[in-house]
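The values are calculated or read from the model by the stated rules, or taken from the named source; none is laboratory data. Here the structure is a predicted model, which means the values were calculated and not measured. When we count neighbours, we look across all protein chains shown, and the Cβ atoms used for this are built from the backbone with ideal geometry, even at glycine. Ligands, DNA and RNA are excluded from the accessible area calculation, which covers all protein heavy atoms including side chains. Shrake-Rupley method; radii C 1.70, N 1.55, O 1.52, S 1.80 Å.
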Amino acid sequence: MIACFVLYLLLELLPGDAATQLVGKDGPEAVQKARAEMGLDQPWLMRYISWLRGLLQGDLGHSLASRVPVARLMAKPLLATLLVSGIVVVALILITIPASLLLGYQRSRMTSLVSAGAITISALPEFVTGIIMMGVLCIGARILPVLSVPGPNQSVWDRPITLVLPALILWLTCSAGIFRRVRAMVSTYASSAYVREAELAGLSHMRVLCFHLLPTIRGGIGQLLAQNIPYLLGGAVVVEFVTSFPGMGLTLTMAIANRETPIIMGICALLMLVFVLFYTFADLPSKSNERITAVL
């Protein structure tokens, strides 16, 4: 609630409002009339309390300009963003984590090359990674469309190819961070006595990795995935803006430009809830270990 209050206050401190953005060119009288119709002539604290009361009742309010319910405006963009995030999570589980385990345990030249690439990607902001990917895949190779826009009267379900570029950018960004941390965990436990004993017993690298190393670090891998899910929704704001993908990120960007406070607050409240839930979930294994240690 404190975060929502601070966000609402910061939005009020910005110059202009939705009425100015909508009819600012028509003169002060038109702006005042629009402000009265939108309820912006009321004190900001009263408007915040009204919004908070609606939120607690499951009502996100209405758009200031169109009077369409915010929940309806968020539905399609949210589904599109969740679809992209789901694709990325599946790719992380099926590709990134197995590759990180294998490369981290083998410590080959390929591991060094992938580590260098992971560090480079981690150092780049998402929009830079997105621009590079667009230049290579869209302009250079012409494999994907430059903009991930479905087209008139179409959705991402009608043109699945629009999902590829945003998902690829988010997957690369998440994979870079996960690879470095999984490799560090594997390197740490690979030097343990029980792993050395398994290797000296003649077990194959795959058996050692699956039956000795993986059970030890699976809790840490679960934490990494739980921490990356909130990032997928938050990082989508930048990626969707760069690729023009019609998800929650682009909707939030447009709402900020139009000073649509109810839409901004609705999306940000959802993001805050996701962050709190998944970071709490990520902390559960460490808290369980602390309890076990205390008992012992």
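General remarks:
- Nearest-ten-degree value, helix 2-13 long axis tilted from longest Cα axis of the chain: 50 degrees
- Note on D59 and I256: the model spin-label points, each 7 Å out from Cα along the C-beta direction, lie 2.9 nm apart.
- Long-range HN-HN contacts of H62 with modeled amide H, under 5 Å: V70
- Cβ-Cβ FRET estimate between A30 and T216, R0 fixed at 51 Å, reported to 0.05: 0.15
- The residues of segment 43-171 expose on average 56 square angstrom of accessible surface per residue, using a 1.4 Å probe on protein heavy atoms.
- Protection proxy ranking for 116-128, 231-243, using the average of other Cβ atoms within 10 Å per residue and placing the highest first: 231-243, 116-128.
- The value of relative contact order for segment 1-77, using C-alpha pairs under 8 Å at least six residues apart, is 21 percent.
- Equivalent-ellipsoid semi-axes of segment 100-156, from the Cα gyration tensor, Å, largest first: 32, 13, 11
- In a fully extended conformation the segment linking I131 and A3 would gain 42.9 nm over its present Cα-Cα distance, using 0.36 nm per residue.
- Per the Debye formula on identical point scatterers at the alpha carbon atoms of segment 82-239, with no solvent, log10 I(q)/I(0) at q = 0.13, 0.18, 0.21 Å⁻¹ is -0.68, -1.08, -1.32.
- FRET efficiency, R109 to R159 (Cβ-Cβ, R0 30 Å, nearest 0.05): 0.15
- Simple label model, 7 Å out from Cα along Cβ direction - M46 to I95, nm: 5.5 nm
- The calculated FRET efficiency for V149 paired with S191, based on their beta-carbon distance and R0 = 41 Å, is about 0.20.
- Segment 1-140, dipole about Cα centre (Lys/Arg Cβ +1, Asp/Glu Cβ -1), debye to the nearest 20: 440 debye
- Only helices enter the 222 nm calculation for the chain: every DSSP H run of n ≥ 4 contributes -39,500 (n - 2.57), and dividing by all residues gives -23500 deg cm²/dmol, rounded to 500.
- Cα gyration tensor shape of segment 32-152, rounded if a/c is under 1.5, else prolate or oblate by comparing a/b with b/c: prolate
- Listed values (1) 13.9; (2) 17.6; (3) 20.7, entry calculated as mean projected area of the Cα convex hull in nm²: (3)
- Tilt relative to the chain, helix 261-295 - C-alpha long axis, 0 to 90 degrees, to 10: 30 degrees
- As computed over segment 154-217, the Cα convex hull volume per residue (Å³): 106 Å³
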